[in-house]
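The structure appears below as structure tokens.
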There are 2 protein chains.
Amino acid sequence: MSKTYTPSPRARVKRAHHRAAYDNESVFAILDSAQIIHVGYFIDDQPYVTPTLHWRDGETLLCHGSSASKMLRHLRHGAPVCVTASIFDGYVLARSPFHHSANYRTVMAYGTARMVEGRAAKEAALDRMMQTLFPGRLAECRGNTEQEIKATTVITMTIDEAAAKTRSGPPMDDEEDYLTVNAWSGELPARHSYARPVADPRLDPGCPLPDYLNPYRGR
Amino acid sequence: MSKTYTPSPRARVKRAHHRAAYDNESVFAILDSAQIIHVGYFIDDQPYVTPTLHWRDGETLLCHGSSASKMLRHLRHGAPVCVTASIFDGYVLARSPFHHSANYRTVMAYGTARMVEGRAAKEAALDRMMQTLFPGRLAECRGNTEQEIKATTVITMTIDEAAAKTRSGPPMDDEEDYLTVNAWSGELPARHSYARPVADPRLDPGCPLPDYLNPYRGR
């Protein structure tokens with residue numbers, strides 16, 4: 001169901017607030033489109049920003065990694081985090097240096113990180129990641145071993161509040177510059193796509209590309 | 001000149017350390033290839049991760065924005081920051097869920113943020129940004145006004161230490177899984193490119209695309 005986060009000062013977009021949105025539909029669309037997230041936390045007054053794959057389960061964001069990872073060993077104890085998902089959509093070239101800009105979609109989400117406890121819950125969360133990325137693949141892989149589940153930490157964060165911010169479209173120049181400046185102006189759109197899948201050299205050459213990889217067939 | 005950062009515990013890569021590099025050639029190559037960076041800092045025990053455009057001047061990383069920006073108003077007072085640049089190079093599909101992975105190039109750089117002071121130094125830094133992205137464009141735009149320079153904050157961070165981490169290539173499965181599991185396995189390479197430039201609707205249709213936009217002509 002659609003819902004709007006009520007931003008506290010930490011989440012409220014101060015600059016260019018006409019580009020902000022706080023409804024979860026906007027927030028989820030960007031989180032789901034981003035290939036990776038950047039997780040921010042600090043240990044002993046030192047900030048860290050770690051990139052990682054992610055997936056979403058309703059209002060919960062998840063990531064995973066080795067149980068020996070510095071980030072995950074810190075986050076599992078209930079650390080405050082900021083998770084940022086950013087999609088760079090291109091450069092915006094204006095007639096003055098000042099009005100140059102970027103087009104982008106970004107979310108900054110805030111919450112407390114916690115570890116998913118228990119083998120069944122961990123495995124269900126990991127299964128959901130695979131199901132989200134490659135629906136149907138799980139049945140083709142071999143199952144997890146006890147040791148593999150043990151060696152994996154899954155971190156979950158309920159999104160307490162979040163702000164989406166986007167810019168799109170042409171430059172917004174000062175009115176008189178449209179008449180007097182001859183520099184080429186417009187957008188350089190960035191594209192994030194996939195090239196043709198590359199089979200593992202050790203894969204049986206007769207093994208077909210499964211249907212769930214159609215979105216990754218390249219262009 | 002080539003140089004290698006000596007990582008303290010904060011920068012040393014703990015997991016999969018064979019994928020780490022600390023020489024500035026590796027670090028700079030990734031910083032320069034990334035379209036944006038993510039800047040990590042904290043205010044009152046709340047971490048923040050802000051995406052932004054960036055440029056580099058030797059061992060110094062720079063970013064800029066409105067003087068009213070929450071991030072920039074905080075960073076200009078000498079805050080410890082972690083700057084992360086990440087390029088997602090694709091998914092790696094293995095025969096077990098556990099060995100699924102991503103290919104990527106990432107840098108985590110550490111230092112203290114400071115504000116560039118004085119109109120001349122600020123303008124020189126901003127000019128360098130334009131020169132880095134679009135060589136030759138500056139001469140075509142109108143010049144900066146006093147007010148525009150005043151309204152812009154430029155933040156600089158000398159890289160005290162940094163770690164690059166990369167993964168590339170096919171999955172690394174358990175030996176027996178190569179024989180017994182039939183799931184398609186390999187790489188789904190991500191591509192980050194540009195589409196054809198889109199002229200501002202208000203641009204004189206006779207205005208040609210300048211040479212410095214050749215890298216952005218799209219494919």
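Just a few scattered comments:
- Candidate set: segment B:202-219, residues that are at the interface with chain A (Cβ under 9 Å from one of its Cβ atoms) and touching a helix residue (DSSP H, G or I) at 6+ places or on another chain (Cβ under 8 Å); chosen: the one most open to solvent (accessible area, probe 1.4 Å): B:ARG202
- Of all residues in segment B:94-122 being open to solvent by 40 Å² or more (accessible area, probe 1.4 Å), within 22 Å of B:ALA151 (Cβ to Cβ) and charged (D, E, K, R), the one that is farthest from the other protein chains (Cβ to nearest Cβ): B:GLU117
- Residues that are over 17 Å from the mean Cα position of the chain (by Cα) and more than 8 Å from chain B (Cβ to nearest Cβ) do not occur anywhere in segment A:51-65.
- Residue check, B:GLU161 surrounded by fewer than 13 Cβ atoms within 10 Å (Cβ to Cβ), more than 7 Å from chain A (Cβ to nearest Cβ) and not hydrophobic (A, V, I, L, M, F, W, C): no
- Picking from residues in segment A:164-179 that are open to solvent by 20 Å² or more (accessible area, probe 1.4 Å) and facing another protein chain (nearest Cβ under 7 Å), the one that is farthest from A:LYS14 (Cα to Cα) is A:TYR178.
- Filtered by the rule that a residue be outside any loop (DSSP other than H, G, I, E, B), more than 17 Å from A:VAL92 (Cα to Cα) and open to solvent by less than 50 Å² (accessible area, probe 1.4 Å), segment A:187-198 gives A:SER193, A:TYR194.
- All positions within segment A:66-89 that are open to solvent by 20 Å² or more (accessible area, probe 1.4 Å) and either more than 7 Å from every other protein chain (Cβ to nearest Cβ) or not small (Gly, Ala, Ser) (or both): A:SER67, A:LYS70, A:ARG73, A:HIS74, A:ARG76, A:HIS77, A:GLY78, A:PRO80, A:ASP89
- Residue tally, condition open to solvent by 30 Å² or more (accessible area, probe 1.4 Å) and either more than 7 Å from every other protein chain (Cβ to nearest Cβ) or within 17 Å of A:THR52 (Cα to Cα) (or both), over segment B:36-50: 3
- B:VAL27 vs. criteria within 12 Å of the chain's Cα centre (by Cα) and either more than 18 Å from A:VAL49 (Cβ to Cβ) or of a type outside the set (D, E, K, R) (or both): yes
- Of the residues making up segment B:127-150, just one is surrounded by 14 or more Cβ atoms within 10 Å (Cβ to Cβ), facing chain A (nearest Cβ under 9 Å) and either among the β-branched types (Val, Ile, Thr) or closer than 30 Å to A:ASP45 by Cα (or both), namely B:ILE149.
- Which numbered condition A:PHE88 fails, given (1) in contact with a Ser or Thr (Cβ under 7 Å, 6 or more places away or on another chain); (2) under 30 Å from A:LEU209 (Cα atoms): (1)
- Qualifying residue in segment B:10-28 (condition: facing chain A (nearest Cβ under 9 Å), buried (at least 22 other Cβ atoms within 10 Å of the Cβ) and β-branched (Val, Ile, Thr)): no
- A:SER33 meets each of the listed conditions (1) under 30 Å from B:PRO97 (Cβ atoms); (2) within 12 Å of another protein chain (Cβ to nearest Cβ); (3) polar (S, T, N, Q) apart from (2).
- Residues that are aliphatic (A, V, I, L, M) and in contact with a Gly (Cβ under 8 Å, 6 or more places away or on another chain) within segment B:156-192 comprise B:MET157, B:ILE159, B:LEU188, B:ALA190, listed in sequence order.
The values are calculated or read from the model by the stated rules, or taken from the named source; none is laboratory data. The structure presented is a predicted model; accordingly, all values stated were derived computationally and were not measured. Cβ sites come from the backbone with ideal geometry, for glycine too, and all protein chains shown count toward neighbours. Keep in mind that these areas ignore ligands, DNA and RNA; they rest on the heavy atoms of the full protein, side chains included. Shrake-Rupley method; radii C 1.70, N 1.55, O 1.52, S 1.80 Å.
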